[in-house]
Amino acid sequence: MPQQYDLILVGTGFASSFFLARYLESAAESTSVLVLERGRVDRHSWQVENLRNSSFEGEAHRARNNKEWVYVIGFGGGSNRWWACTPRMLPSDFRTRTLYGVGRDWPLDYEELAPFYDRAEELMSISGPNDRSPFPRTRPYPQPPHLPTAPEELLARAYPEAFFRQPTGRARRGTSGRPRCCASGTCSICPIDAKFTVQNELAHVYHDPRITVEYGAQVTAVGTAAGLVDTVHWERDGELHEARGELVVLGANALFNAHILLRSGFDHPMLGKRLCEQVGRNVAVYLDGLDNFQGSTSVTGHGYMLYDGDHRRDRAGCLIETFNIPTLRCDKNRWRQVLRMKFIYEDEPQERNRVELNKEDDSVAETVYEGFSDYTQRGLDALEAQLPELLAPLPVESIEIRGLNQTEAHIIGTTVMGDDPKESVLDRHQLHHEYRNLLVLGSGCFPTCAPANPTLTLSALTLHAAEHLLA
Ligand SMILES: Cc1cc2nc3c(=O)[nH]c(=O)nc-3n(C[C@H](O)[C@H](O)[C@H](O)COP(=O)(O)OP(=O)(O)OC[C@H]3O[C@@H](n4cnc5c(N)ncnc54)[C@H](O)[C@@H]3O)c2cc1C
């Protein structure tokens with residue numbers, strides 16, 4: 001007879017860990033929780049020594065169209081590898097259909113999510129600016145902002161309403177779990193463990209006596225009976241297992257949550273569809289007589305000059321990142337006279353881009369990506385003409401626009417949330433419309449793909465979902 005748990009939680013990334021932290025706050029002493037994690041615990045010291053984030057060797061997904069999707073299989077998931085840039089979405093990002101006639105409105109708005117943004121920022125000790133901000137805030141950031149570079153100071157002066165210091169989980173001040181950022185610019189494997197990860201700030205939740213954690217445990221499917229999910233099937237080293245749960249929470253990210261549900265035989269016209277991420281393009285700005293790289297972390301500036309406004313009726317909005325990673329210029333005595341900028345465009349999710357079951361081997365998630373939207377392409381096409389005026393506050397010698405990035409390392413869509421069960425897989429609290437004891441967490445639920453990096457928002461949504469469920 002399979003063992004019965006109050007909660008079965010899949011994965012140990014941001015979504016699962018934030019959910020678990022909140023769940024345990026209100027759970028009784030006698031509560032039993034099973035956590036199933038496909039990867040192993042690869043400690044920070046192991047990652048630095050081996051120059052990789054995970055010892056996982058298998059093939060988790062196969063891309064049919066050569067499009068890269070990046071994630072980490074292992075304890076802490078993507079937190080091991082992320083760069084820790086943590087903007088909120090703008091209030092308008094939740095209402096692009098109403099405001100601009102594009103995409104879908106979210107089933108909740110900024111005001112509803114704001115307290116959960118606050119809490120997620122607190123849990124990750126986010127550093128950010130308190131004097132000026134592109135989104136409404138009622139509380140200060142837990143940590144002061146990072147130091148800017150000289151070009152960023154010029155941009156902030158020229159664009160007081162649109163250029164800010166970047167909010168980030170790369171520590172400005174040491175916390176009990178990690179030291180201050182060393183600004184080495186190697187954040188995917190932080191050499192000193194200064195960015196927020198599940199390992200350095202939230203591992204303690206997995207040591208709670210109410211929890212059993214199984215590592216190397218790949219969840220393959222969930223089983224249903226009487227309108228509820230009642231069983232979770234998992235596999236380790238070729239051996240099949242099952243467990244029964246009152247509440248089942250998937251936090252395996254937008255690729256694998258959808259894959260698990262497809263393997264379970266779930267059938268909804270939107271399941272697996274609308275797979276997307278932002279599209280980024282780097283620009284090198286060669287400066288005339290102005291030295292760069294005075295900042296105190298890897299990415300120090302955020303520009304909203306091309307982000308929001310009426311242009312979004314026609315073409316994608318764009319978030320600008322300015323970098324402080326010391327990539328020098330090959331000109332004697334002018335090594336530091338260069339600024340790297342990244343222009344990150346939103347996408348309009350397309351149903352043709354999707355996760356499917358691989359026909360030969362359904363244990364592998366297959367991704368099909370036929371390209372981003374024309375809306376995004378129009379945003380990208382406008383950039384060259386916009387740059388001279390945009391960069392006028394800087395002493396520009398020349399501008400080099402580089403090719404499109406292969407990936408922004410975000411995974412969005414595949415289990416969209418909404419109010420209408422015909423148009424969406426999940427409700428506004430990330431509960432499955434049909435199976436009401438199944439919660440599907442992470443950026444898979446996003447109805448649109450705003451320019452902002454998704455992880456702070458998915459963490460806030462997780463806390464919002466947990467609060468609703470536990471209330
Ligand atoms: C290089 C890089 C840089 C990034 N930088 C940023 C950034 O600056 N800002 C930002 O907002 N985002 C960033 N991201 C994205 C961020 O990492 C993800 O948005 C985030 O990790 C998603 O969180 P999650 O909890 O939904 O899923 P994940 O963190 O992917 O966690 C999923 C968990 O589920 C486990 N799992 C998967 N399948 C199964 C299964 N079948 N059974 C059991 N367990 C399973 C995995 O091992 C993992 O523990 C970056 C990502 C990368 C790769």
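Report, by residue number, each residue of segment 432-471 that is away from the ligand (no atom under 13 Å from the Cβ), more than 17 Å from GLY11 (Cα to Cα) and buried (at least 19 other Cβ atoms within 10 Å of the Cβ).
If the condition is that a residue be away from the ligand (no atom under 13 Å from the Cβ), more than 17 Å from GLY11 (Cα to Cα) and buried (at least 19 other Cβ atoms within 10 Å of the Cβ), then HIS432, TYR435, PRO447, THR448, HIS464 are the ones that fit.
Going by the conditions given, is VAL364 touching a Gly at 6+ places or on another chain (Cβ under 8 Å), over 30 Å from GLU121 (Cα atoms) and within 14 Å of the ligand (Cβ to nearest atom)?
No, not satisfied.
Quick check on my filter: what residues within segment 15-47 are open to solvent by 10 Å² or more (accessible area, probe 1.4 Å), under 14 Å from HIS204 (Cα atoms) and hydrophobic (A, V, I, L, M, F, W, C)?
ALA21, LEU24, VAL41
Tell me, which strands (runs of 3 or more DSSP E) wholly within segment 332-424 include 2 or more residues that are open to solvent by 70 Å² or more (accessible area, probe 1.4 Å)?
Passing ranges, in order: 396-404.
Can you name every residue in segment 215-234 that is at positive phi and more than 14 Å from the ligand (Cβ to nearest atom)?
ALA226, GLY227
Which members of segment 235-254 meet the condition of being crowded, with 22+ Cβ neighbours inside 10 Å and near the ligand (Cβ under 10 Å from one of its atoms)?
Correct list: LEU250, GLY251, ALA252, ASN253, ALA254.
Residue check, HIS233 against (1) more than 22 Å from TRP83 (Cβ to Cβ); (2) in contact with a Pro (Cβ under 9 Å, 6 or more places away or on another chain), all met but one. Which one?
Tallying (1) more than 22 Å from TRP83 (Cβ to Cβ); (2) in contact with a Pro (Cβ under 9 Å, 6 or more places away or on another chain), HIS233 fails exactly one: (2).
Let's see how each residue does on (1) open to solvent by 10 Å² or more (accessible area, probe 1.4 Å); (2) without any contact (Cβ under 8 Å) to a residue 40 or more places away in the chain; (3) in contact with a Lys or Arg (Cβ under 9 Å, 6 or more places away or on another chain):
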{"site": "PHE116", "(1), (2), (3)": "yes, no, no"}
{"site": "ASP131", "(1), (2), (3)": "yes, yes, no"}
{"site": "THR138", "(1), (2), (3)": "yes, yes, no"}
{"site": "PRO151", "(1), (2), (3)": "no, no, no"}
{"site": "ALA156", "(1), (2), (3)": "yes, no, yes"}
{"site": "PRO160", "(1), (2), (3)": "yes, yes, yes"}
{"site": "GLY169", "(1), (2), (3)": "no, no, yes"}
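Which pairs have Cβ atoms under 9 Å, sit 6 or more apart or on different chains, and link a residue in segment 178-189 that is under 19 Å from LEU51 (Cβ atoms) to one that is modelled with pLDDT under 95 and open to solvent by 20 Å² or more (accessible area, probe 1.4 Å)?
Close Cβ pairs (under 9 Å, with a partner that is modelled with pLDDT under 95 and open to solvent by 20 Å² or more (accessible area, probe 1.4 Å)) amount to SER184/PRO326; GLY185/PRO326; GLY185/THR327.
So which of ALA243, ALA226 is farther than 28 Å from ALA194 by Cβ, of a type in the set (Gly, Ala, Ser) and in contact with a Pro (Cβ under 7 Å, 6 or more places away or on another chain)?
ALA243
Specify the residue that is surrounded by the fewest Cβ atoms within 10 Å (Cβ to Cβ); the eligible residues are those in segment 53-69 that are within 12 Å of the ligand (Cβ to nearest atom) and not aliphatic (A, V, I, L, M).
GLY58
What number of residues within segment 310-329 are open to solvent by 20 Å² or more (accessible area, probe 1.4 Å), at pLDDT 95 or above and either of a type outside the set (Asp, Glu) or outside any loop (DSSP other than H, G, I, E, B) (or both)?
Residues in segment 310-329 being open to solvent by 20 Å² or more (accessible area, probe 1.4 Å), at pLDDT 95 or above and either of a type outside the set (Asp, Glu) or outside any loop (DSSP other than H, G, I, E, B) (or both): 5 in total.
Mind listing whichever residues of segment 200-225 are acidic (Asp, Glu) and either crowded, with 19+ Cβ neighbours inside 10 Å or within 17 Å of HIS241 (Cβ to Cβ) (or both)?
Once the filter is applied, which keeps residues that are acidic (Asp, Glu) and either crowded, with 19+ Cβ neighbours inside 10 Å or within 17 Å of HIS241 (Cβ to Cβ) (or both), segment 200-225 yields GLU201, GLU214.
The values are calculated or read from the model by the stated rules, or taken from the named source; none is laboratory data. As the structure is a computational prediction, the values presented were derived from the model and not from experiment. A quick note on method: Cβ atoms are made from the backbone with ideal geometry, for glycine too, and the neighbour counts reach across all protein chains shown. Surface areas here come from the heavy atoms of the whole protein model, side chains and all, with no ligands, DNA or RNA. Shrake-Rupley method; radii C 1.70, N 1.55, O 1.52, S 1.80 Å.
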